[in-house]
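J.: Handing you a structure now.
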């Protein structure tokens with residue numbers, strides 16, 4: 001019985017020491033990509049290692065235009081979900097290095113419709129839906145202000161594969177919808193591979 005108690009006490013002490021060395025930490029905030037894409041970021045873990053959850057909404061909106069006998073409207077919506085792990089190291093006072101990797105999934109849908117009210121009736125429709133899973137590396141820096149406010153910047157080079165469907169309808173197709181399958185790959189850096197964030201740490 002004494003041996004069991006001693007072993008239990010040692011294990012509890014080791015867990016307490018480990019908890020002291022790696023205190024629990026959470027961060028919640030906003031993330032920006034290309035200054036016009038924004039979303040939420042949440043991280044949980046210790047001061048040296050955290051799980052990352054990011055959601056970026058990408059240019060969702062509608063646009064309508066009327067000119068003479070032509071009515072046109074455009075719609076676009078996209079969302080980018082990322083989940084991963086990052087590691088941190090203090091390199092100078094309030095400056096932290098962060099590195100890791102994310103799994104990502106992006107969905108986008110765009111639609112452009114032109115309604116020609118003239119005698120020619122040159123209507124046009126173009127729509128595209130894409131699904132894009134991928135993986136990104138994470139390289140970045142944090143600046144911590146007053147121990148709670150975290151300003152971050154990171155680069156996300158990566159690889160992704162997209163697939164989806166394209167729909168076209170115009171006067172060349174006699175008003176019939178033409179559907180096509182689309183696919184391709186992206187790799188390296190793009191204009192959305194840089195991420196800025198501001199978060200509250202608690």
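J.: When you scan segment 43-63, how many residues do you find that are on the phi > 0 side of the Ramachandran plot and buried (at least 18 other Cβ atoms within 10 Å of the Cβ)?
T.: 1
J.: Restricting attention to segment 150-173, does a residue exist that is in contact with a helix residue (DSSP H, G or I) (Cβ under 9 Å, 6 or more places away or on another chain) and assigned to a strand (DSSP E or B)?
T.: Looking for residues that are in contact with a helix residue (DSSP H, G or I) (Cβ under 9 Å, 6 or more places away or on another chain) and assigned to a strand (DSSP E or B), one finds none in segment 150-173, hence no.
J.: Could you list, in sequence order, all residues of segment 92-108 that are exposed (fewer than 15 other Cβ atoms within 10 Å of the Cβ) and either modelled with pLDDT under 95 or touching a helix residue (DSSP H, G or I) at 6+ places or on another chain (Cβ under 9 Å) (or both)?
T.: Of everything in segment 92-108, those that are exposed (fewer than 15 other Cβ atoms within 10 Å of the Cβ) and either modelled with pLDDT under 95 or touching a helix residue (DSSP H, G or I) at 6+ places or on another chain (Cβ under 9 Å) (or both) turn out to be 92, 93, 94.
J.: Would it be correct to say that residue 168 is surrounded by 12 or more Cβ atoms within 10 Å (Cβ to Cβ), without any contact (Cβ under 8 Å) to a residue 60 or more places away in the chain and closer than 30 Å to residue 195 by Cβ?
T.: Against the criterion (surrounded by 12 or more Cβ atoms within 10 Å (Cβ to Cβ), without any contact (Cβ under 8 Å) to a residue 60 or more places away in the chain and closer than 30 Å to residue 195 by Cβ), residue 168 does not qualify.
J.: Answer with yes or no whether residue 26 is part of a strand (DSSP E or B), surrounded by 15 or more Cβ atoms within 10 Å (Cβ to Cβ) and modelled with pLDDT of 95 or more.
T.: The answer is no for residue 26.
J.: When you scan segment 133-152, do you find a residue that is closer than 30 Å to residue 73 by Cα and free of Cβ contacts under 8 Å to residues at least 60 places away in the same chain, even just one?
T.: Looking for residues that are closer than 30 Å to residue 73 by Cα and free of Cβ contacts under 8 Å to residues at least 60 places away in the same chain, one finds at least one in segment 133-152, hence yes.
J.: Can you spot a residue in segment 102-112 that is without any contact (Cβ under 8 Å) to a residue 24 or more places away in the chain and under 23 Å from residue 141 (Cα atoms)?
T.: No, the conditions are met nowhere in segment 102-112.
J.: Out of (1) at pLDDT below 80; (2) surrounded by 18 or more Cβ atoms within 10 Å (Cβ to Cβ), what's the single condition that is false for residue 34?
T.: (2)
J.: From 124, 82, 88, which residue is surrounded by 14 or more Cβ atoms within 10 Å (Cβ to Cβ), more than 17 Å from the chain's Cα centre (by Cα) and at pLDDT below 95?
T.: 124
The values are calculated or read from the model by the stated rules, or taken from the named source; none is laboratory data. Quick caveat, the model's predicted, so the values are computed rather than measured. Backbone-built Cβ (ideal geometry, glycine too); neighbour counts: all protein chains shown.
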